[in-house]
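Asker: Mind having a look at this structure? Questions to follow.
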Amino acid sequence: MKKKQDIPFTFGVNIPDATLDKYDNHIIRTLSSMQGQYFDTESYEAMLLEDDQVLYEVFEIKRPEIAGELLTGLSVVHPGKVGDEFFMTKGHFHTVLETAEVYYCLQGEGYMVMETPEGDWAVEELRPGRVLYVPPRWAHRSVNSSADEDLVTFFVYPGHAGHDYGTIEEQGFRNLVVEKNGRSKIIDNPRWRHQEERK
Ligand code: 6PG
Ligand code: NI
């Protein structure tokens, strides 16, 4: 007899509403989980006093977190800004740095902000139908640049990848995505300090 976890299964990604018809885990991230991440700390604190609003949600299909497995799910970043900076995910390196990730954009518009421990950086546009391949070593954060629509992506990454949030919490990302004169703009993060320089 095969173990239950080894039986093939299917699930639906509903079109056009970009939802999963089945998931095992639902993560909700609110403003308070983004302490120190937004550049405009005054706006951040003021918003937090008003309401600890939901910034993004993740719907996960559970699988064993081991090499050979693939973890899949849906990431939904809601529209909004803290100061001029668009709502975004925390962002992370994978703990096992040499693991990649694929994102397929189903809805909305935005960017994936990425960088390596060596200090290389890249920002790629996300819009429906686009597939983004994040190679091993690249930290990744999704940013919703729409004024009114959710940014929805389907992701796949190796079961043993793990999440290193701490590095980004300390150093931030090298790039910020802000709204300037009604358009989205990628700017340097004045507070970014490369991990190497801290030592
Ligand atoms: C992962 C994926 C993805 C990501 C979400 C939320 O490795 O798990 O990159 O599912 O977790 O988009 O982003 P944060 O994990 O950075 O909060
Ligand atoms: Ni990841």
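Asker: Taking the chain as a Gaussian network, Cα atoms linked when under 10 Å apart, which of 126, 176, 48 shows the biggest mean-square fluctuation?
Answerer: 48
Asker: How far apart, in nm, are the 7 Å Cα→Cβ label points at residue 102 and residue 120?
Answerer: 2.1
Asker: Count of lysine pairs in the chain with Cα atoms under 18 Å apart, counting only pairs 8 or more residues apart in sequence or on different chains?
Answerer: For the chain, the number of qualifying lysine pairs is 7.
Asker: Let me ask something else. Along its three principal axes, how long is segment 121-199 when you only count alpha carbons? Whole Å, largest extent first please.
Answerer: For segment 121-199, the Cα extents along the three principal axes come out at 40, 36, 17 Å.
Asker: Let me ask something else about it. Work out the FRET efficiency for residue 67 and residue 187 from their Cβ-Cβ distance, taking R0 = 30 Å, and round it to the nearest 0.05.
Answerer: Computed FRET efficiency for residue 67 and residue 187: 0.20.
Asker: Contact order normalised by length for segment 1-84, with contacts defined as Cα pairs under 8 Å and 6 or more residues apart; what percent is it?
Answerer: Relative contact order for segment 1-84 comes out at 29 percent.
Asker: Next question, about the same structure. Please compute, for the alpha-carbon atoms of segment 160-199, the extent along each of the three principal axes and give them in descending order in Å.
Answerer: Largest to smallest, the principal-axis extents are 39, 28, 11 Å.
Asker: Kirkwood Rh over Cα pairs of the chain into Stokes-Einstein at 25 °C, 0.890 mPa s: D in µm²/s?
Answerer: Translational D for this selection: 140 µm²/s.
Asker: Using all Cα-Cα distances in segment 53-110, what percent lands in each 5 angstrom bin from 0 up to the longest?
Answerer: With a bin width of 5 Å, the distribution comes to 4, 13, 20, 25, 17, 12, 6, 2, 0.
Asker: So, one more: Based on alpha-carbon positions alone, could you give the equivalent ellipsoid semi-axes of segment 83-175 from the gyration tensor, as √(5λ), descending, whole Å?
Answerer: 21, 16, 11
Asker: Let me have the relative contact order for the chain, percent, based on Cα pairs under 8 Å that are six or more residues apart.
Answerer: Reported as a whole number, the value is 22 percent.
Asker: Between residue 149 and residue 25, how high is the FRET efficiency from 1/(1 + (r/R0)^6) when r is the Cβ-Cβ distance and R₀ = 25 Å? Nearest 0.05.
Answerer: 0.55
Asker: If you don't mind, another one. Which order do 137, 193 fall in if you start with the one that has the fewest other Cβ atoms within 10 Å?
Answerer: Ranked by crowding around the Cβ, least crowded first: 193, 137.
Asker: Only Cα pairs within less than 10 Å get springs; with that Gaussian network setup on the chain, which residue of 39, 11, 155 has the largest fluctuation?
Answerer: Among 39, 11, 155, the largest GNM mean-square fluctuation belongs to 11.
Asker: Run the simple label-point estimate for residue 165 and residue 45 please: 7 Å along Cα→C-beta, distance reported in nm.
Answerer: According to this spin-label approximation, the distance is 2.3 nm.
Asker: Given springs between every Cα pair under 10 Å in a Gaussian network model of the chain, which of 174, 141, 63 has the largest fluctuation?
Answerer: 63
Asker: Tell me what the chain gives for mean residue ellipticity at 222 nm when only DSSP H runs of n ≥ 4 count, each as -39,500 (n - 2.57), the sum divided by the residue total, rounded to 500 deg cm²/dmol.
Answerer: -2500 deg cm²/dmol
Asker: Expressed as a rounded percentage, what relative contact order does segment 65-166 have, with Cα pairs under 8 Å and six or more residues apart?
Answerer: Worked out over segment 65-166, it gives 46 percent.
Asker: Next question, about the same structure. What net charge is computed for the residues neighbouring residue 106, neighbours being all others with C-beta under 13 Å from the C-beta of residue 106, Lys and Arg scored +1, Asp and Glu -1?
Answerer: Around residue 106, the surrounding residues sum to -2.
Asker: Using the scaling law 2.2 N^0.38 Å as the reference, what is the normalised Cα Rg of segment 6-97?
Answerer: Relative to the rule-of-thumb radius for its length, segment 6-97 sits at 1.33.
The numbers here are math on the coordinates, done by the rules we state, and not lab data. Keep in mind that this is a model prediction, so the values were computed, not measured. Positions of Cβ are generated from backbone atoms using ideal geometry, with glycine treated the same way; all protein chains shown enter the neighbour counts.
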